[in-house]
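Written below as structure tokens is the structure these notes are about.
The values are calculated or read from the model by the stated rules, or taken from the named source; none is laboratory data. Predicted model only: the values in this text are computed from it and were never measured. Note that each Cβ is placed from the backbone with ideal geometry, even for glycine, and that neighbours are counted across all protein chains shown.
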Amino acid sequence: MNNTLSDIFSKLLDFHTTADLLSYDFVQQAVLAAALLGLLAGAIGPLIVSRQMSFAVHGTSELSLTGASAALLAGIGVGAGAIIGSVVAAVLFGVLGSRARERDSVIAVVLSFGLGLSVLFLWLGPTRAGSKFSLLTGQVVSVGNTGLTLLSICTAGVLVVLAFIYRPLLFASTDPEVAMARGVPVRALSVVFAVLLGVTAAFGVQIVGALLVLSLLITPAAAAAQLTASPLRAAVLSIVFAEISAVGGIVLSLAPGVPVSTFVTTISFAIYLIARVIGTRTRTRRRIPVPA
């Protein structure tokens, strides 16, 4: 029998079931995977927002579906296929859409072609509807030790590279023309950042699915931007918000058995709304003249 909304809400309060499920190894692995993804997404999110690449994130995550569906058709690891698809898409976006005025059209062209291939691969692939559905909505409980190890290595690698290029990348993101005039390799940084974005998006697909990866890569960073203009504080807040969304989404989804993406997106959206209200009130108070 299908769950109703009232059943879901009642199960949310079943803390005993949640505690029991958290004792299982595969659930603990899922929570750890979500925590790593929250760290990764929170760190890279503010740069995505400052570079106005939200549509590129959507395109990259959608095209990870192309790689994953091709891997499913070939009978190899879906996670590896998603990473390859995301990285290839991100590099294409970085190379072909380095100019801001061309970026949206390039993403739309590549995205439409990639999604067409995804439909073909899914149609030709095995008839395991669950596997196909998980590509869209995520299946974090299937991460396993191997996937967790790969996520840990990639998280460390992305963070190290990001720390190394952070200052010139931030400069190039804020004012690319001046950065180029100062000798900053803007195009090369765009390609490197595109690869980092592709890897992050590919792992995000495994947690929340290709359709909703924006909830971790964009929403926490957008919420942080409402509260501070400091790049460092924005990065810290973005990481905190992404961790709350990712880990909290998994914990809340355990008892009712609802897809993780439902709670991840709900928590991240609620955080954004709260941050927007606080940010608006703070800016309003600053504009009020002080009596002489």
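Quick look at the values:
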{"quantity": "Filtered residue count, segment 153-210, keeping only those that are surrounded by 14 or more Cβ atoms within 10 Å (Cβ to Cβ), β-branched (Val, Ile, Thr) and more than 25 Å from Ser261 (Cα to Cα)", "calculated": "6"}
{"quantity": "Helices (runs of 4 or more DSSP H) contained in segment 19-96 and holding at least 2 residues under 12 Å from the mean Cα position of the chain (by Cα)", "calculated": "25-50, 54-74"}
{"quantity": "Residue match in segment 223-237 (condition: in a helix (DSSP H, G or I), at pLDDT 80 or above and closer than 20 Å to Ala82 by Cα)", "calculated": "no"}
{"quantity": "Segment 97-114, residues that are buried (at least 17 other Cβ atoms within 10 Å of the Cβ) and either in a helix (DSSP H, G or I) or modelled with pLDDT of 75 or more (or both)", "calculated": "Arg103, Val106, Ile107, Val110, Leu111, Gly114"}
{"quantity": "Residue identified as in contact with a helix residue (DSSP H, G or I) (Cβ under 7 Å, 6 or more places away or on another chain) and modelled with pLDDT of 80 or more among Ser64, Ser50", "calculated": "Ser50"}
{"quantity": "Single match in Ile267, Ile218 (criterion: without any contact (Cβ under 8 Å) to a residue 40 or more places away in the chain and crowded, with 20+ Cβ neighbours inside 10 Å)", "calculated": "Ile267"}
{"quantity": "Only one of Val184, Val178, Val192 that is in a loop (DSSP other than H, G, I, E, B), over 23 Å from Ala246 (Cα atoms) and of a type outside the set (Asp, Glu)", "calculated": "Val184"}
{"quantity": "So Leu169, is it of a type in the set (A, V, I, L, M), out of contact with any Phe, Trp or Tyr (no Cβ under 8 Å at 6 or more places or on another chain) and part of a helix (DSSP H, G or I)", "calculated": "no"}
